[in-house]
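A short write-up of the structure that comes next.
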Amino acid sequence: MATKRILVTGGAGFIGSHLCERLVADGNDVVCLDNFFSGRKDNVAHLLGNPRFELIRHDITTPILLEVDQIYNFACPASPNAYMYNPVKTVKTSVMGAINMLGLAKRVKARILQASTSEVYGDPKVHPQPESYWGNVNPIGVRSCYDEGKRVAETLMYDYRRQNGVDSKIIRIFNTYGPRMQADDGRVISNFVVQALRGEPLTVYGKGGQTRSFCFIDDLVEGAVRMMNLDDFFGPVNIGNPAEFTIMELAEKVLRLTGAKSTIVFKPLPQDDPTQRQPDISLAKQKLGWKPSVNLDEGLKRTIAYFKRVLKES
Ligand code: NAD
Ligand code: UDP
């Protein structure tokens with residue numbers, strides 16, 4: 001692949017940092033932009049000495065002038081705890097952030113890929129979820145700032161394409177996990193792994209019968225890069241691992257793989273917590289020739305090894 005100048009917003013976050021690493025390794029010049037709300041400089045510290053890598057502290061709710069060929073718009077807190085902390089800001093990040101990045105893409109004729117989410121399907125009535133499903137989202141609930149913000153970001157990608165000819169693309173990311181999630185981030189895999197490694201009880205919300213389908217970070221990054229570099233297909237396309245597990249099954253897996261003796265405690269189910277989620281990845285297979293290659297046991301082993309190191313150092 002020829003060298004490109006690539007902007008990654010949210011580049012110091014969990015997914016963004018892996019993406020930056022991959023894009024630098026592919027020989028591109030990467031500008032990582034982040035306001036460090038839920039990301040950390042530590043996540044990209046190993047890239048800082050590389051002349052192909054640049055880090056900018058900036059908030060995408062305000063415009064920025066840069067010269068780039070591609071934009072991965074990944075800035076947005078993704079953990080429910082983080083996005084509900086300041087919901088108005090979350091909406092601004094998704095909506096004003098998308099407008100600013102689309103404005104930049106329009107000015108410099110860059111291609112832009114929006115990180116959307118399975119949350120656009122809300123609490124889905126269709127299972128598994130294909131891209132053609134319009135979703136079942138509460139517009140005024142506590143998760144709406146995230147779900148509706150991303151839905152508007154998708155709308156903007158399409159309106160800028162239709163109205164201004166911007167080369168915009170959308171991926172819908174399903175629950176992704178792996179090294180560099182924050183230990184206190186609040187998402188289920190980091191919570192369970194950290195709780196197990198500390199010998200604390202695993203906190204299952206509700207009865208644990210709700211399902212999720214977990215995608216390992218390396219698979220997600222591969223899907224995102226393929227989508228960005230494919231001509232004549234704009235998406236949206238689901239990127240996720242279709243292997244579906246209940247939260248109780250996940251808890252049991254984490255206990256088995258860590259060898260922890262932790263108990264399981266049940267906590268109240270958060271409001272509007274989707275009961276089931278599984279991507280239909282037929283479109284990704286057909287258009288991108290992509291499917292995940294790391295199963296949950298293998299991905300959990302790598303994630304557990306990472307958190308063991310982190311917890312030892314802290
Ligand atoms: P993350 O919270 O680790 O990363 C988000 C990054 O964006 C952080 O570094 C944060 O500091 C930065 N950020 C937030 N608001 C910003 C702003 N206004 N200006 C500049 N930077 C800002 O989360 P993640 O899991 O890496 O998610 C990355 C993207 O992927 C997000 O857009 C998220 O919605 C999407 N996504 C993630 C998942 C998942 O399971 N991890 C699922 C669906 C969608
Ligand atoms: N969950 C849980 N215990 C935790 C954290 C989350 O049982 O400590 C549940 C949560 O209620 C949800 C699922 O795990 O049903 C996935 O939660 P997460 O926050 O990781 O992602 P999302 O709800 O956004 O899919």
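Rule-based calculations on the coordinates, nothing more; no lab input. No experiment lies behind these values; they were computed from the predicted model shown. Backbone-built Cβ (ideal geometry, glycine too); neighbour counts: all protein chains shown.
Which links in Lys41/Lys207; Lys41/Lys312; Lys41/Lys285; Lys41/Lys150; Lys253/Lys308 stretch past 27 Å when you go from one Cα to the other? Correct reply: Lys41/Lys207; Lys41/Lys285.
Of the residues Gln163, Val126, Tyr177, the one whose Cα sits farthest toward the positive end of the charge dipole of the chain, with +1 on the Cβ of Lys and Arg and -1 on the Cβ of Asp and Glu, is Tyr177. In plain terms, the residue of Ser293, Ser314, Ser17 with the fewest other Cβ atoms within 10 Å comes first and the most crowded comes last, giving Ser314, Ser293, Ser17.
Taking Cα centre as origin and charging only the Cβ of basic (Lys, Arg, +1) and acidic (Asp, Glu, -1) residues, the dipole magnitude of the stretch 99-144 rounds to 380 debye. Note on the stretch 7-161: along the principal axes its Cα atoms extend 48, 32, 30 Å, ordered by decreasing extent. Using C-alpha pairs below 8 Å separated by at least 6 residues, the relative contact order for the chain is 17 percent.
As an equivalent ellipsoid, the stretch 124-201 spans semi-axes of 33, 16, 13 angstrom, where each value is the square root of five times an eigenvalue of the C-alpha gyration tensor, largest first.
Treating each Cα of the stretch 187-234 as one equal point scatterer and applying the Debye formula with no solvent, the log10 of I(q)/I(0) at q = 0.20, 0.26, 0.28, 0.32 Å⁻¹ comes out as -0.78, -0.99, -1.05, -1.13. Percent of C-alpha pairs per 10 Å bin in the chain, short distances first: 6, 28, 37, 23, 6, 0. Kindly express, to the nearest 10 degrees and within the range 0 to 90, the angle between helix 14-25's C-alpha long axis and the longest C-alpha principal axis of the chain. That works out to roughly 50 degrees. Remark: the Asn229-Val310 segment gains 25.8 nm on full extension, using 0.36 nm per residue and subtracting the alpha carbon distance.
Quick one: Debye curve from the C-alpha atoms of the stretch 158-314, no solvent, what's log10 I(q)/I(0) at q = 0.09, 0.16 Å⁻¹? Relative scattering, expressed as log10 I(q)/I(0), comes to -0.35, -0.91.
Based on the alpha carbons, how large is the Rg to Rh ratio for the stretch 107-243 when Rh follows Kirkwood? In the stretch 107-243, Rg relative to Rh is 1.01. Each principal axis of the Cα cloud of the stretch 1-87 was taken in turn, and the coordinate range along them, longest first, works out to 40, 26, 20 Å. Taking 0.890 mPa s as the viscosity and 25 °C as the temperature, the Stokes-Einstein diffusion coefficient of the stretch 156-202 based on its alpha-carbon Kirkwood radius rounds to 181 µm²/s. With axes computed from alpha carbons, what is the tilt in degrees of helix 188-197 against the longest principal axis of the chain, rounded to the nearest 10 within 0 to 90? Compared with the principal axis, the helix lies near 50 degrees.
Counting charges near Phe174 (Lys, Arg +1; Asp, Glu -1) among other residues having Cβ under 11 Å from its Cβ returns a value of -1.
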